[in-house]
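Structure first, then comments.
The values are calculated or read from the model by the stated rules, or taken from the named source; none is laboratory data. These numbers come from a predicted model, not from an experiment. As a convention, Cβ positions derive from the backbone with ideal geometry for all residues, glycine included, and neighbour counts pool all protein chains shown. Accessible surface areas use protein heavy atoms only, side chains included; no ligands, DNA or RNA. Shrake-Rupley method; radii C 1.70, N 1.55, O 1.52, S 1.80 Å.
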Amino acid sequence: MSRPTIAGVARAAGVSVASVSRVLNGLPATVEMVERVQRAVEQLGYVPDARARSLKVGRTFQLTLAVADVGNPVYVTMMRAVEEVVSAAGYRLVVTTTGPDVVDEVALVRGMARGYADGLVISPLRVDDDLIKSIRECDVPVVVAGNVPASAGVDTIRANSPKGMLLAVEHLLQKGRRRIAFVNGPVDTVPGAARAKGFAEAMKANGLRSVAEVEAIDFTFAAGREAARELLSGLPRGASGRPDAVIAANDLLAVGLMHELAADGLEVPKDVAVVGMDDSELAEQSFPPLTSVNLGSAERGRRAAELLLARIEDDTRTPRRIVVQPTLSVRRSTP
């Protein structure tokens, strides 16, 4: 049996081939025309030839999302939000991992010249001049989900980490916790630098000094456990010497921290309250459920996708810089 063609759809719908093409490409058409074409498509089981369509309109109808670690729950949430927006616009989403090194981020951006996608959303873990240059010179539109200088001349969408840290510190103070420690990820990363700055500002604004600060080697569960061991080993034993609360730079670090606290015989939140950041699915799945700062990963993904689609349609638009405001999701890891 031969494969249904666009001409066959036109005959079944009683319209021209041009009209079918308009409907299938999402161009303006009457409601009656759209309904007739859709009925014919369903009746015949017609599937558009993506290769022919790409050659004809000069697009692949694929978009790329590049993140540091696809195993991080916050990126999974972002990916789902991006995919929902772009699929509704007729695009397929390709997800790739850059890893922690900026050289790999640069290579990926430059690789977009091979033409396998029409645009890129990238959430860089580290940023340097080479990455900014490659983004500025990229052959396809780029949206950065993160923080890059305005001189990059690119659409950006980022979280307000300093405000998120302030929410976490003030929540702990309201719960009577004042001996607050901080477990961060690498401070040479975009999120690590933002979290460190936000924590210092929040503590100063409330007249507090940190009990201790530890820098994990990365933003993973295992790194959280290792950082917690470093934190506990560097403090005097007993309730008077240890922190009564710890803020972690993301949920993976926070859950790793809680595991190590339990292994050391400490109860959360009775002995030590814990607050994470990202408010990922992991926060609800941990035990006890984790109080966490919601940095709007789903909204950032959605807005990034919308910015990219708008940039594809009009590359002359003035670049936009959007900041998503945080909220606090309170659960049982704080008293």
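Points to keep in mind about this one:
- Sole residue being small (Gly, Ala, Ser), under 26 Å from Arg225 (Cα atoms), surrounded by 21 or more Cβ atoms within 10 Å (Cβ to Cβ) and in the same structural domain as Val275 (by the TED database), chosen from Ala193, Ala168: Ala168
- Conditions (1) in contact with a helix residue (DSSP H, G or I) (Cβ under 9 Å, 6 or more places away or on another chain); (2) under 30 Å from Arg321 (Cβ atoms); (3) open to solvent by 20 Å² or more (accessible area, probe 1.4 Å); number of the one not met by Ile217: (2)
- Note on the stretch 217-327: enclosed helices (runs of 4 or more DSSP H) holding 1 or more residues that are among the basic types (Lys, Arg) are 221-233, 297-313.
- Yes/no for Gly198 being in a loop (DSSP other than H, G, I, E, B) and farther than 25 Å from Gln285 by Cα: no
- Every condition in (1) of a type outside the set (A, V, I, L, M); (2) surrounded by fewer than 16 Cβ atoms within 10 Å (Cβ to Cβ); (3) over 16 Å from the mean Cα position of the chain (by Cα) is met by Glu84 except one, and the failing one is (3).
- Filtering the stretch 40-70 to residues that are at pLDDT 90 or above and of a type in the set (D, E, K, R) leaves only Asp69.
- Hey, Glu313 open to solvent by 20 Å² or more (accessible area, probe 1.4 Å) and in contact (Cβ under 8 Å) with a residue 40 or more places away in the chain or not: no
- Looking at Gly115, Gly207, just one residue is on the phi > 0 side of the Ramachandran plot, surrounded by fewer than 19 Cβ atoms within 10 Å (Cβ to Cβ) and modelled with pLDDT under 95, and that residue is Gly115.
- Counted residues, the stretch 119-139 - those being assigned to a loop (DSSP other than H, G, I, E, B) and under 20 Å from the mean Cα position of the chain (by Cα): 7
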